[in-house]
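Accompanying notes for the structure given below.
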């Protein structure tokens, strides 16, 4: 097999890249180690930045998102039983975010790719990337019980933290930056309408809580728990009781309860691999960087990566200049580190560290008081939340 761009991974980044390349008449092949059902079911991110929404629309895959997604023009911060709304649209000149689950983004992209795009091979496991510094790198893969070779002009690894793409970069050229937090998120899906029409981020002395949603009928909620927690240790009643306690306000707001359909625990960590490019191999998304969930940046960073690559390759095709492809890593990393900064600040602003002292807690409350009293501080949060420029 031969193609211009070999894409490893059919998550939202790999699928969107295939769509962007197809729209520019550049051929690609997508290899995904899982089956289609798994890709369309796995629960991940659900919040899209303004830029991600715009790109999906431009790519021709935003129709169902616009019909079924939930546009949010603000978020609510809660602390000391007080409520404060951050008006994202007013603070950013009109930018907003969209609640639309990653599963739905993948379904839309898969349907379009299979109907009118290039090859998309499920249950095709990438085994290795070879020849990254040559003008014809290859992906060795296994599909249908047989091994094959995909020859490419470029390889883009969208295969996540445990994929093979990153391992093709020699260890001597790699630098890794990491931070592991001493807490995790216990997340639930519940068949109950959301108790608020916008996302609620709550700081509480018992720990952080988040009220989110997947649709007008399905709520998505999270609790800060110790790292290593087993979701099975929490009964449904205990989860609802703890959420009600941490989200409590001084007014008459109440938390609606309903059947919990899924529980999971997600660790909180930051990870950045530099560089994001080695020869003709380009890393995108979790293959290159991971952010804690607080800032809702993971999916949006991945989209930014593949948009940057697609624009650079289109530029090279039109002008003959490879300058933008060569600058891919440094271009992406500028945004990655700003997203890491934003996610770190949101995480430390709202979570209670296990070893927090009374002084630490007072500083945390002072930061929240300053944020909710200063339009400039609010505007900085709104800019980061709705999405910083990709380039």
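The numbers here are math on the coordinates, done by the rules we state, and not lab data. Keep in mind that what you see is a predicted model, and the values were worked out from it rather than measured. As a convention, Cβ positions derive from the backbone with ideal geometry for all residues, glycine included, and neighbour counts pool all protein chains shown.
Numbers below:
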read-out	value
Some residue of the range 146-153 being part of a helix (DSSP H, G or I) and more than 19 Å from residue 306 (Cα to Cα)	no
Residue among 103, 92 that alone is over 18 Å from residue 65 (Cβ atoms) and surrounded by fewer than 19 Cβ atoms within 10 Å (Cβ to Cβ)	92
Number of the exception - residue 349 against (1) without any contact (Cβ under 8 Å) to a residue 24 or more places away in the chain; (2) assigned to a helix (DSSP H, G or I)	(1)
Hits in the range 262-313 - residues which are under 15 Å from residue 44 (Cα atoms) and assigned to a helix (DSSP H, G or I)	285, 286, 293, 294, 295, 298, 299, 300, 301, 302, 303
Qualifying residue in the range 367-386 (condition: surrounded by fewer than 17 Cβ atoms within 10 Å (Cβ to Cβ), farther than 25 Å from residue 93 by Cβ, out of contact with any helix residue (DSSP H, G or I) (no Cβ under 7 Å at 6 or more places or on another chain) and without any contact (Cβ under 8 Å) to a residue 24 or more places away in the chain)	yes
Subset of the range 330-352 (residues that are crowded, with 20+ Cβ neighbours inside 10 Å and farther than 14 Å from residue 177 by Cβ)	331, 332, 335, 342, 346, 347, 350, 351
Selection from the range 204-221 of residues that are surrounded by fewer than 21 Cβ atoms within 10 Å (Cβ to Cβ) and under 14 Å from residue 292 (Cα atoms)	none
